[in-house]
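**Student:** The following block contains the structure, expressed as structure tokens.
Since every read-out is calculated from the coordinates, none of them should be taken as a lab result. None of the values given here were measured: they were computed from a predicted structure. Counting neighbours? That spans all protein chains shown, and the Cβs are built from the backbone with ideal geometry, glycine included.
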Amino acid sequence: MTLDLRVWQGDITTLPLDAIVNAANPSLLGGGGVDGAIHRAAGPELKLYCAGLGGCETGQAKLSPGFGLPSQYVIHTVGPVWHGGGQGEAEALASCYRQSLLLADAEGIVSLAFPAISCGVYGYPADQASKVAVAALRQAFEECHLSKQVWLVGFDEAQCRLWQQALAI
Ligand code: AR6
């Protein structure tokens with residue numbers, strides 16, 4: 001049983017893994033950023049399927065097929081909106097990574113990729129978010145039953161550096 005954490009730069013929608021994680025909003029009906037890219041690449045079936053999931057609360061995670069994506073599944077999670085850090089943002093962000101990893105494990109998913117959840121439109125400072133993410137993944141893995149290969153995806157080089165720094169702690 002091993003947790004293999006790796007950093008990768010690029011468009012998460014191109015990765016042929018068991019699952020990619022989407023930084024969604026509570027409606028699960030699509031939006032901008034990585035959410036928009038995932039819905040575009042998956043095709044309209046994804047929105048139809050997600051409409052039947054009944055939304056998703058902040059810090060929770062839900063599963064869908066990948067449809068037109070090269071990945072088999074999409075794990076939709078809803079990160080917190082950054083309000084300065086005093087409104088439970090770190091706990092909610094940790095919960096996103098934890099619930100996504102545990103859902104993956106329950107579905108037999110071994111390889112999966114995360115974007116930097118909440119670090120775009122939702123405004124979470126990316127250096128802090130990266131550390132919260134790595135700590136939460138390491139902690140949640142202790143409850144997993146299968147090994148995991150987790151790709152920490154940065155759209156740009158700056159985010160990849162932050163992932164590397166968080167991994168070095
Ligand atoms: N591949 C990998 N990373 C990406 C991609 C991509 N194709 N596109 C963007 N990123 P964001 P949030 C990075 O804004 O902050 C949506 O409208 C991006 O550079 O996508 O959680 C939802 O519907 C950033 O580092 O998600 C919600 O309403 C990271 O992904 C809201 O935005 C997250 O940025 C969620 O906001």
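**Student:** Consider only pairs whose beta carbons are under 9 Å apart and that are at least six residues apart or on different chains; among these, list those whose first residue lies in region 4-32 and is over 11 Å from V74 (Cβ atoms) and without any contact (Cβ under 8 Å) to a residue 24 or more places away in the chain and whose second residue is within 6 Å of the ligand (Cβ to nearest atom) and assigned to a strand (DSSP E or B).
**Tutor:** What qualifies is G30/A24.
**Student:** Name every residue in region 110-136 that is more than 7 Å from the ligand (Cβ to nearest atom), out of contact with any strand residue (DSSP E or B) (no Cβ under 6 Å at 6 or more places or on another chain), not in a loop (DSSP other than H, G, I, E, B) and not polar (S, T, N, Q), in order of residue number.
**Tutor:** Of everything in region 110-136, those that are more than 7 Å from the ligand (Cβ to nearest atom), out of contact with any strand residue (DSSP E or B) (no Cβ under 6 Å at 6 or more places or on another chain), not in a loop (DSSP other than H, G, I, E, B) and not polar (S, T, N, Q) turn out to be D127, A129, K131, V132, A133, V134, A135, A136.
**Student:** Here's something else I'd like to know. Exactly one condition in (1) at positive phi; (2) out of contact with any strand residue (DSSP E or B) (no Cβ under 8 Å at 6 or more places or on another chain) is false for R98; which is it?
**Tutor:** Only one criterion is unmet by R98, namely (1).
**Student:** Quick test of your reading of the structure: L5 fulfils all but one of (1) surrounded by 22 or more Cβ atoms within 10 Å (Cβ to Cβ); (2) assigned to a strand (DSSP E or B); (3) more than 10 Å from the ligand (Cβ to nearest atom). Name the failing condition by number.
**Tutor:** (1)
**Student:** Another question about this same structure. Kindly list, by first and then second residue, each pair from a residue in region 38-54 that is within 11 Å of S64 (Cβ to Cβ) to a residue that is β-branched (V, I, T) and part of a helix (DSSP H, G or I), limited to pairs with Cβ atoms under 6 Å and residues at least 6 apart or on different chains.
**Tutor:** Once the first residue is within 11 Å of S64 (Cβ to Cβ) and sits in region 38-54, its partners that are β-branched (V, I, T) and part of a helix (DSSP H, G or I) give I38/T13.
**Student:** Which of the residues that make up region 14-73 are among the aromatic types (F, W, Y) and farther than 16 Å from F114 by Cα? Please lay out each step first, then the result.
**Tutor:** Initially, region 14-73 is screened for residues among the aromatic types (F, W, Y), giving 49, 67, 73.
If the condition is that a residue be among the aromatic types (F, W, Y) and farther than 16 Å from F114 by Cα, then Y49, F67 are the ones that fit.
**Student:** Let me ask another. Kindly list the number of the only condition in (1) buried (at least 21 other Cβ atoms within 10 Å of the Cβ); (2) aliphatic (A, V, I, L, M); (3) near the ligand (Cβ under 10 Å from one of its atoms) that fails for L15.
**Tutor:** The single condition L15 does not satisfy is (1).
**Student:** Tally up the residues in region 70-109 that are under 12 Å from L137 (Cβ atoms), within 13 Å of the ligand (Cβ to nearest atom) and among the aliphatic types (A, V, I, L, M), please.
**Tutor:** Residues meeting the conditions: 1.
**Student:** A follow-up question, please. If only one of S27, S64 is among the polar types (S, T, N, Q) and part of a loop (DSSP other than H, G, I, E, B), which one is it?
**Tutor:** Only one candidate qualifies: S27.
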